[in-house]
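Working notes, beginning with the structure itself.
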Amino acid sequence: MSRSRSQLSFAPGPPSFEPDTFMVADVAPSPNFDDRKGGPPDILLLHYTGMQSGDAALERLTAAESKVSSHYVVFEDGRIVQCVPEDKRAWHAGVSSWAGETDINSRSVGIEIVNPGHEFGYADFPLRQIAAVISLSKSILKRHPGIAPERVLAHSDVAPSRKQDPGEKFPWELLAESGVGHWVRAAPLNVSGMTLMTGYTGEAVGRMQRLLKMYGYGVEETGTFDDVTRDVVVAFQRHFRQQRVDGVADPSTLMTLRALVETVPKRV
Ligand SMILES: [Zn+2]
């Protein structure tokens, strides 16, 4: 019995493509993307891989059955791999929201940063990995000028009740010093003032929720410090007040939040 040539050939993987920047060392095409809806990207979303190795993460991000992907993966040694072209909608954000937008995949470019994450022994991010993330981010921001500094976000910012990445070890300050993202120095832990926490109700809670919502977090101004509010405070701390991440809106957290909202770059 003879077989036709097509029956013998292997199933083709997703087609390769030209990387969007010369910084890309390898292209590892992922089939897990579709077309963007709406305009060009206006969010840069940073993740950690949260798996035991970078190779395992890359395998998952390029396997059809996983249904997840990312535009880029940055390894510990700074090697950058691109999995999805920037003009396509990579599947990295999941159920998420920012400033009222819920299709974060359509709105964003996603970078997965190799780190075992909280589940497998959260590691410090090596400096050369961060240097690569900064260079890559700057090139993305150049290609997509619609991404405002305050829209360079953590996965935990857009999905506070589900995600912790890239987490409180991620050096947002270094990125900001290099012109990537909006950031203010956190107020010291020992400043005095009011503390808000789970179960509290009242105007002060509503004011805090209003500021978090103004910045973009998915929380409503209910005046009740509920579980969602706590998750959002935790996400805020992971990004902006990393010294203590406990979901308690202490005076340092509230002062940092006010400073952050006051310093959002003005648009002309
Ligand atoms: Zn993530």
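Every number in this text was worked out from the coordinates using simple rules, so none of it is lab data. Fair warning: this is a prediction, and the values are worked out from it, not measured in the lab. So basically every Cβ, Gly included, is an ideal-geometry build from the backbone, and we count neighbours across all protein chains shown.
Between THR222 and ASP34, the distance separating the two model label sites (each 7 Å from Cα on the Cα→Cβ line) works out to 3.1 nm.
Of VAL191, VAL233, VAL109, the residue with the greatest mean-square motion in the GNM of the chain, using alpha carbon springs below 10 Å, is VAL191. Working note: Cα atoms of the stretch 85-197, range along each principal axis, descending, whole Å: 47, 34, 32.
Sparse packing (at most 16 other Cβ atoms within 10 Å of the Cβ) combined with a DSSP loop state is found for the following chymotrypsin sites (Phe, Trp or Tyr not before Pro) in the stretch 98-184: PHE120. The Rg/Rh ratio of the stretch 223-268, with both radii computed over alpha carbons and Rh defined as the Kirkwood radius, is 1.03. Calculated from the alpha-carbon coordinates, the stretch 38-80 shows an Rg and a Dmax of 12.0, 36 Å respectively. Under a Gaussian network description of the chain, with springs only between Cα atoms under 10 Å, the residue in LEU174, LEU212, LEU189 that fluctuates furthest is LEU189. Convex hull volume of the C-alpha atoms in the stretch 120-263, normalised per residue: 116 Å³. Projecting label points 7 angstrom from Cα along Cα→Cβ for MET197 and ARG267 puts them 3.9 nm apart. Counting lysine pairs in the chain that sit 8 or more residues apart in sequence, or on different chains, and whose Cα atoms lie under 22 Å apart gives 12.
Loop-located trypsin sites (Lys or Arg not before Pro) in the stretch 57-153 (DSSP state not H, G, I, E or B) with no more than 16 neighbouring Cβ atoms inside 10 Å: LYS67.
A Förster radius of 25 Å, combined with the Cβ-Cβ distance separating LYS142 from GLU18, puts the computed FRET efficiency at roughly 0.90. For the stretch 21-106, the Kirkwood estimate of the hydrodynamic radius, built from every pair of different alpha carbons, is 13.5 Å. Counting every alpha-carbon pair across the chain, the share separated by more than 25 Å comes to 46%.
Where does the charge balance sit around GLY179 when Lys and Arg score +1, Asp and Glu -1, over other residues with C-beta under 12 Å from its C-beta? Spelling it out: positives minus negatives among the neighbours equals +1.
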